[in-house]
Amino acid sequence: MGTQAAPKNRPTELQAVAQDKTGTKPRAMAIPKEGYFHLENGRYGPLYPRTPACHGFTIIAKIIPGREDVIRSYGKKIEETIAGLPEALEVLKLHYLRWVLFDIGNDTYFMYQGIFDTDFDKYTEDAVALFSKYGLNTVFENLEGFPKDWKTNAPAFVKFVREHQRPSFLEYAEYPYVSADEVKKALKLKAAFSGMLDLMQ
């Protein structure tokens, strides 16, 4: 895997934020094939950059044959969990999750897309800790090659995720480098301000 330096005219994340203190100037970032601009290793492999859309990954893996209904029912389980306990996944600092099942030939694949605020390795470590804490299983157990000892072997979990990661080559954000906590804070301020306006009328 080769390395590639960031173009000299590419502003760093800190420079981009400094140039737009409101966080309302859209930004796009083209990313090299390797998934990074220069090789810098973290605990389990290359550190992927924080993009205008924050951190994230796309995992694509073949499902164990006959598990499609199990995977779909797991999606329903997540829906019900969040309805009853909205903070259940809070530690993951998620913006969005998107799960997709699709066929290639006779095989069915699962795509897991997540956008979050922590780095790649911390997200996967936090996910292992979260599921272990509550004694829950992960939808990944329905994927071929997923380690059976994942609850006690975070490095194996991260290795699987990294091996099935498909780096994006373009990321865009309408409100770049803004964390999920900042978005929620802004929405709370908006609601409070609207409430004050209603009282004044």
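Computed quantities for the displayed model
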{"item": "Excluding exposed DSSP-loop GluC sites (Glu not before Pro) (at most 12 other C-beta within 10 Å), longest clean stretch of the chain", "result": "88-173"}
{"item": "Residue exposure sequence - Arg166, Arg50 - by fewest surrounding Cβ within 10 Å", "result": "Arg166, Arg50"}
{"item": "Which of His164, His38, His95 has the fewest Cβ neighbours within 10 Å, and the rest in rising order", "result": "His38, His95, His164"}
{"item": "Label point 7 Å beyond Cα of Arg72 along Cβ direction - residues of region 92-108 with amide nitrogen under 15 Å", "result": "99-103, 108"}
{"item": "Across Lys76/Lys184; Lys33/Lys62; Lys122/Lys184; Lys25/Lys122; Lys33/Lys184, pairs whose alpha-carbon gap is larger than 31 Å", "result": "Lys33/Lys184"}
{"item": "Unit charges at the beta carbon, dipole of the chain: most positive-side option, Val100, Ile78, Gln113", "result": "Gln113"}
{"item": "Region 26-200, relative contact order in percent, only Cα pairs under 8 angstrom and at least six apart counted", "result": "36"}
{"item": "Cα-based shape type of the chain, given that a ≥ b ≥ c are square roots of the gyration tensor eigenvalues and the cut on a/c is 1.5", "result": "oblate"}
{"item": "Simple spin-label estimate for Val100 and Leu189 in nanometres, 7 Å along Cα-Cβ", "result": "3.5"}
{"item": "Met200, Met29 arranged by Cβ crowding within 10 Å, fewest neighbours leading", "result": "Met200, Met29"}
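A short reminder: the numbers here are calculations on the coordinates, not readings from a lab. Just so we're clear, the structure is a prediction, and the values are computed from it rather than from any experiment. Don't worry about glycine lacking a Cβ; one is built from the backbone with ideal geometry, like all the others, and counts go over all protein chains shown.
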